[in-house]
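K.L.:
Let me give you the structure first, and then I'll get to my questions.
The values are calculated or read from the model by the stated rules, or taken from the named source; none is laboratory data. Computed from a predicted model, the values in this text were never measured in an experiment. With ideal geometry, Cβ positions are generated from the backbone for all residues, glycine too; neighbour counts draw on all protein chains shown.
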Amino acid sequence: MAHFALICPPFASHIHSLGVLGEELVRRGHRATLVLNAGAEGMVRSAALGVATVAARSGDPSVGRVLANATRPAGLFGTLRTIAESAAMTDQLCAGGPELLRRIGCDAVVADQLEPAGGLLALGLGLPFVSLATALPINSAPGVPLPFLDWPYDPSPRGVRRARVAARIGHLLSRRQGRVIEACSRRLGIDPPCRTMEDCLSPTAQIAQVVRGYDFPRPEPVPFEGVGPLRRLEEERGDDPLPFAFAPERPLVFATFGTLQGGRLKLFRAIAAACREADADLLVAHGGQLNDADARSIGATFVTDFVPYRAVLKRAALCVTHGGSNTVLDALACGVPLLVRPVAFDQKGNAARIVHHRLGERMDLRQLPEQIGRLTADGGYRRRAGALAQEIAAAGGRTRAADLVEAALSR
């Protein structure tokens, strides 16, 4: 049996998805330890996994600061700040990671695509590793825009050229991250050195939470296998009891903007007003970002901080969201159409895919009541989302992901 190091950025959604895979590996007799930046250990919610953190260094941003800044990431300044802080987190892991991985005695690494330190440490220490895309895959492909762009898929020569130009601009904006990746490569003795995040991906095994029917088309061979969202069995079942009495004769709209963007009070109020006009009930989950007075002021039918997503989505007619990958995939796994208002990160890329596959719409505040009415009444959206739910169910989720990890270890 092997000991896997699970390495990811210090964000709850990434830790949860990677942790579910780790729990499945533990169930099969392996050991799994989440290796995180200093200060991220409080986000781990699994007793089955080990947790180890590298030491914080003078000058490194704290995880708390990184999370606080992630709530307001928009604009050029916000983008550059996010890149700088991500680079610092990578450098911290690469500085303390070699000694830590030797100390815990790991045999292999499962590395989140968005934390290049995972691949760098595995390459530097000569460990087998698997790359996991918990968000949209960063793998480049002709006509596929960068994950943080809301551009449509365009395989024409013009679209391919446009995507290449965007990739070059993205590379320029990410120079700080690139310099850190190259410096860490040289310190770890990787030759030739890695220079981009894509260079840090596993050459032998890559897994993604997205399935083929949701992603933009990619030429064969696709470098990753889409297994669907990584969820525990009880999460997939979605049979948790809920403290709400839903009216079966009225469509239920579920609105959530995740744990980072859940404080958008004005937006929640606009959604509540639109739901009243559309004669729909609204459940808001604000992720603990609002106080009780602000939560009551929304005017929604139901308001809470946290709620089991699948349990709600199995009863919902529509999911209104920022477009975070985990929320989007949970909604689609339940066959629920989406109304998306992206803020940052890969949320814009998710919005583009939702529109491309006609699984929902991008929010227009000027037409919000009409959009809610249309998306809850038009059966076409529900049928397309339902077809994708079948694909997700067949993709294998955590069990297929664990199969792929074990197969990579045996090569």
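K.L.:
Hey, among the residues in the range 177-186 that are of a type outside the set (Gly, Ala, Ser) and closer than 24 Å to THR82 by Cβ, which one's surrounded by the fewest Cβ atoms within 10 Å (Cβ to Cβ)?
P.N.:
Across the range 177-186, the extreme among qualifying residues is ARG179.
K.L.:
Restricting to the range 126-151, give me the number of residues that are closer than 21 Å to THR79 by Cα and either of a type in the set (D, E, K, R) or assigned to a loop (DSSP other than H, G, I, E, B) (or both).
P.N.:
Counting residues in the range 126-151 that are closer than 21 Å to THR79 by Cα and either of a type in the set (D, E, K, R) or assigned to a loop (DSSP other than H, G, I, E, B) (or both) gives 15.
K.L.:
Here is a follow-up. Among ALA387, ALA331, ALA344, which is the only one that is of a type in the set (A, V, I, L, M, F, W, C), part of a helix (DSSP H, G or I) and either assigned by TED's automatic domain parsing to the domain that holds PRO152 or under 22 Å from HIS14 (Cα atoms) (or both)?
P.N.:
The unique qualifying residue is ALA331.
K.L.:
When the range 330-341 is examined, which residues are found to be touching a Gly at 6+ places or on another chain (Cβ under 8 Å), in contact (Cβ under 8 Å) with a residue 60 or more places away in the chain and surrounded by 24 or more Cβ atoms within 10 Å (Cβ to Cβ)?
P.N.:
Answer for the range 330-341, where residues must be touching a Gly at 6+ places or on another chain (Cβ under 8 Å), in contact (Cβ under 8 Å) with a residue 60 or more places away in the chain and surrounded by 24 or more Cβ atoms within 10 Å (Cβ to Cβ): just ALA333.
K.L.:
Another question, then. Considering the range 110-132 alone, what residues qualify as being of a type in the set (A, V, I, L, M) and touching a Ser or Thr at 6+ places or on another chain (Cβ under 9 Å)?
P.N.:
Those that are of a type in the set (A, V, I, L, M) and touching a Ser or Thr at 6+ places or on another chain (Cβ under 9 Å): VAL110, ALA111, LEU114, ALA117, LEU120, ALA122, LEU123, VAL130, LEU132.
K.L.:
Please verify whether the range 366-384 includes one or more residues that are assigned by TED's automatic domain parsing to the domain that holds ARG276, closer than 17 Å to VAL210 by Cα and either charged (D, E, K, R) or out of contact with any Cys (no Cβ under 8 Å at 6 or more places or on another chain) (or both). Explain how you work it out, then say what you get.
P.N.:
In the first step, residues of the range 366-384 are kept if they are assigned by TED's automatic domain parsing to the domain that holds ARG276; the result is 366-384.
Going one step further and asking which of them are closer than 17 Å to VAL210 by Cα, we end up with 384.
Filter again for either charged (D, E, K, R) or out of contact with any Cys (no Cβ under 8 Å at 6 or more places or on another chain) (or both), leaving 384.
The answer is yes; a qualifying residue exists.
K.L.:
Look at the range 361-376 and say how many of its residues are part of a strand (DSSP E or B) and free of Cβ contacts under 8 Å to residues at least 24 places away in the same chain.
P.N.:
1
K.L.:
In addition: Say we look at the range 283-315 and pick out the residues that are in a helix (DSSP H, G or I) and aliphatic (A, V, I, L, M); which of these is farthest from GLU235 (Cα to Cα)?
P.N.:
ALA293
K.L.:
I've got another one for you. Would you point out which residue out of GLY379, GLY323, GLY288, GLY373 is closer than 30 Å to LEU80 by Cβ, of a type in the set (Gly, Ala, Ser) and out of contact with any Pro (no Cβ under 8 Å at 6 or more places or on another chain)? Talk me through it step by step, then tell me what you get.
P.N.:
On the way: GLY379 fails: closer than 30 Å to LEU80 by Cβ; GLY323 fails: out of contact with any Pro (no Cβ under 8 Å at 6 or more places or on another chain); GLY373 fails: closer than 30 Å to LEU80 by Cβ.
After applying the criteria, what remains is GLY288.
K.L.:
Quick test for you: out of LEU338, LEU318, LEU368, pick the one residue that is over 18 Å from the mean Cα position of the chain (by Cα) and under 21 Å from GLY238 (Cβ atoms). Steps first, please.
P.N.:
Values: LEU338 fails: over 18 Å from the mean Cα position of the chain (by Cα); LEU368 fails: under 21 Å from GLY238 (Cβ atoms).
Every option except LEU318 fails the conditions.
K.L.:
Could you list all residues from the range 214-231 that are buried (at least 16 other Cβ atoms within 10 Å of the Cβ) and either among the aliphatic types (A, V, I, L, M) or in a loop (DSSP other than H, G, I, E, B) (or both)?
P.N.:
Selection gives TYR214, ASP215, PHE216, ARG218, VAL222, PRO223, PHE224, VAL227, GLY228, PRO229, LEU230, ARG231.
K.L.:
From the list ASP239, ASP191, ASP199, which residue is surrounded by fewer than 22 Cβ atoms within 10 Å (Cβ to Cβ) and outside the structural domain of ILE83 (by TED's automatic domain parsing)?
P.N.:
The conditions single out ASP239.
K.L.:
Mind checking which pairs have a first residue in the range 377-401 that is more than 25 Å from LEU252 (Cβ to Cβ) and a second that is assigned to a helix (DSSP H, G or I) and modelled with pLDDT of 95 or more, Cβ under 7 Å, 6 or more apart or different chains?
P.N.:
Partner pairs satisfying both residue conditions: ARG398/VAL20; ARG398/LEU21; ARG398/GLU24; THR399/GLU24; ALA401/LEU21.
K.L.:
Can you tell me which residues in the range 40-55 are within 19 Å of the chain's Cα centre (by Cα) and either among the acidic types (Asp, Glu) or over 22 Å from THR90 (Cβ atoms) (or both)?
P.N.:
Residues satisfying the conditions are GLU41, ARG45, SER46.
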